[in-house]
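Colleague: Can you keep this structure in mind? I'll have questions shortly.
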Amino acid sequence: MNPDGLQPQVAQPSWDRRVNSSKAADRFLDRDADLMLQVREGNQACFTLLLERHRNAVIHFLDRMVLNQAVAEELAQEVFLRVYRFRLNYQPTAKFTTWLFRIATHLGLNWIRDARHEKVQERLDQEIDGTTRQVRDRNRTIEQELVYRAKLREVRQAIETLPSKQRAAVVMHKYEELGYVEIANVLMCSESAVKSLLFRAYETLRMRLAHMA
Amino acid sequence: MLSRRDILALAAVGVAVSIPAPLWAQRRGGTARTPPHASRSDTDERTPIEEFETMSPEAQQKALNRLSPAQREKLQERLKRFNSLPPQQQQALKTLYNRLHQLPPERQDAVRKAIRKLSEQPAERQQAMRQELRDMTALTPTERHAHLASRDFRARFNKKEQDILRDMSPLLPDR
Amino acid sequence: MGWSPGTCSLEDGVAEELIVGYAARSLDPEAELGFERHLKSCSRCQRLAAQQGAVWSALDAWRPPAVSPDFDRTLALRIAASRRISSRIYAFAKWIWRPALPVAAISAVLAGFFLLKDQHTARQVLETQPSAQIEQQVEHALDDMDILKQIGLDVSAQRSDSARKI
């Protein structure tokens, strides 16, 4: 053990409390699988409930992945369409959200791969200044709003420089607050691979964004 | 090679099996939650549970019949469990529910997330955090805001716990 | 700018995990305290932790825009359309294994009916979208009650006494 009381890495439990989940959380999460099983049995209302619970999270996740709001909603539609189409084959072998985010990540990564030819800067400028529903916060002055938008542009550019899998890992870790194991389940890789993705991504982001402190 | 009769027969079969398709549309496809009322108060506004309970038996049955038998049974069981809670507890939950639904949808989601995170903490930390919430009910919103930024608060709770308590503070009553 | 071994008492990967966890506020209390003790004596981790904190705050500022109000309705229409297509494909697959039906006259009438039904389906889908049915609202409400029970119910009422000096 080192002087600070921190255990060496070998055979240590994770310090990250996202690893742990209580029975109450599990009960809540099981409800999604329960609902999906009812969708499998033909209950449309349960599909609507699942949509209600997860629509925003999926859209926001995809928005941060593809950096284009219209595309994010289009892809999110596809996510839920696939959930509906595959309902008859649904088996609760993993958490419902793992399955959902796996579909979303797959679609997001494919879109990023296919859209690489587009001009990055042009799209980002359109996104921030024109075509999105990024409504001006009325509590901000004009100057504050300009500063905010400049900051937002920098953050989005920094995210866009990340390789797509690193981007997916960061978005899941930061915004969906998933733990390493959950992210590994979504990306279908090992926990150590996820840590490698994340730490490389954060290293890049520190280089680009640390001056914003 | 298909004959004309075969093609017309194909069209007939296609039409015949398209008739069940609207069944999906006929079943309810309600989507968004009912938006919170603009001026919902903590205790006055009726929750959907109360709305349901005050419907006529026929209307209740009509609503329940839109569910599958398994779903219907589950809902009735959950309602029975809720209604068997002591009246004071039901009222307290109703108050919290109305406060939650006064918030914008994004804030509501943040509060729900924070409560889930609270239940994931070790038991003794949950106890400390619940006590903190109880103690904060005695503060005005301004005092609460100051308290959440105070050194004493930050010394007693780690950053994660601070975030949870901050996110849950909109549920506290306005003094 | 990244972490490198040899300048810090923590092992490979451990420091990075702690730095990220510390900024994410996801470390358990003991690890957080231990890391804060470490930061007092390690300038490199101190610098990286500060940078990671800046990154975290910057990422916090990125709020997604509002979801389109017609998202659910559009999805409902797409699902209805996909159900019609798959029903027809299924029926056709069944049909090719059966003898052709002698219904030439009926098919003309039904073809017209089909066109009208299609429009009716889309209208029905839209008409059922506007608000959630009461049974769904009740389920949502019960879900919220289950969540709210976890708080501890005595925060619902105002306290006239101050049990502890805050």
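Colleague: Report the charge-dipole magnitude of the range B:43-102 in Debye, nearest 20, computed about the Cα centre from +1 at each Lys and Arg Cβ and -1 at each Asp and Glu Cβ. Numbers along the way, then the final one.
Modeller: Details: 10 positive and 8 negative charges, 52 e Å.
The dipole of the range B:43-102 has a size of about 240 debye.
Colleague: Let me ask another. In the structure displayed, which of A:K151/A:K174; A:K174/B:K74; B:K74/C:K149; A:K151/C:K40; B:K62/B:K113; A:K174/B:K159 lie more than 27 Å apart, Cα to Cα? If you can, show how the numbers build up before the last one.
Modeller: Details: A:K151/A:K174 18 Å; A:K174/B:K74 36 Å; B:K74/C:K149 19 Å; A:K151/C:K40 31 Å; B:K62/B:K113 34 Å; A:K174/B:K159 15 Å.
Too far apart for the 27 Å limit: A:K174/B:K74; A:K151/C:K40; B:K62/B:K113.
Colleague: What translational diffusion coefficient, to the nearest whole µm²/s, does the range A:162-213 have by Stokes-Einstein, given a Kirkwood radius computed over alpha-carbon pairs, a temperature of 10 °C and 1.306 mPa s viscosity? Numbers along the way, then the final one.
Modeller: On the way: Rh = 11.0 Å.
D, rounded to a whole number, is 144 µm²/s.
Colleague: Enumerate the calculated ³J(HN,Hα) couplings along the range A:41-52 in order (Karplus 6.51 cos²θ - 1.76 cosθ + 1.60, θ = phi - 60°), each rounded to whole Hz, writing x wherever the residue is Gly or Pro.
Modeller: 7, x, 8, 5, 4, 5, 5, 4, 5, 5, 4, 4
Colleague: Which whole number gives the average count of other chain Cβ atoms within 10 Å of the Cβ atoms across peptide B:89-100? Can you show the working numbers first?
Modeller: Values: counts 3, 2, 3, 9, 9, 4, 5, 9, 6, 1, 3, 3.
Neighbouring Cβ atoms belonging to other protein chains average 5 per residue here.
Colleague: Something else about it: Could you work out the mean count of beta carbons from other protein chains within 10 Å of each residue's beta carbon in C:68-77?
Modeller: Working: counts 6, 1, 2, 10, 10, 3, 3, 13, 8, 1.
Per-residue shielding by partner chains comes out at 6.
Colleague: Which of the three applies to the range C:21-64, rounded, prolate or oblate, going by the alpha-carbon gyration tensor with a ≥ b ≥ c and a/c under 1.5 meaning rounded? Let's see the in-between values first.
Modeller: Working: a/c = 5.01, a/b = 1.60, b/c = 3.13.
In terms of gyration-tensor shape, oblate.
Colleague: How far apart, in nm, are the 7 Å Cα→Cβ label points at B:L85 and B:K62?
Modeller: Here the answer is 2.9 nm between the modelled labels.
Colleague: Counting only other chains, what is the mean number of Cβ atoms within 10 angstrom of the Cβ of each residue in peptide C:30-38? Write down the numbers at each step before the final one.
Modeller: Working: counts 5, 10, 5, 4, 8, 4, 2, 4, 5.
Taking the mean over all residues of the peptide, I get 5.
Colleague: Something else now. If each of A:E160 and B:D163 carries a label point 7 Å out from its Cα toward its Cβ, how far apart are those two points in nm?
Modeller: The two pseudo-label positions are separated by 2.7 nm.
Colleague: Given points 7 Å out from each Cα along the Cα-Cβ axis, report the B:T140 to B:R156 separation in nanometres with one decimal.
Modeller: Rounded to a tenth, the inter-label distance reads 2.1 nm.
Colleague: Using the per-residue mean of other Cβ atoms lying within 10 Å as a proxy for protection, in what order, highest first, do the peptides A:48-56, B:108-116, C:38-46 fall?
Modeller: Details: A:48-56: 20.9, B:108-116: 18.4, C:38-46: 16.3.
Top to bottom by mean Cβ count within 10 Å: A:48-56, B:108-116, C:38-46.
Colleague: A further question on this structure: Between A:F86 and C:S87, what is the FRET efficiency for a Förster distance of 30 Å, r being their Cβ-Cβ separation, to the nearest 0.05? Don't jump to the answer; show the numbers that get you there.
Modeller: Values: r = 17 Å, r/R0 = 0.56.
Here the calculated transfer efficiency is 0.95.
Colleague: Check which residues have an amide H placed less than 5 Å from B:L85's amide H, if you skip close sequence neighbours.
Modeller: Answer set, sorted by chain and number: none.
Readers should treat all values here as calculations from the given coordinates under stated rules, not as data from a laboratory. If you're wondering where the values come from, they're calculated on a predicted model, not measured in any experiment. No Cβ is skipped: glycine too gets one built from the backbone with ideal geometry, and neighbour counts run over all protein chains shown.
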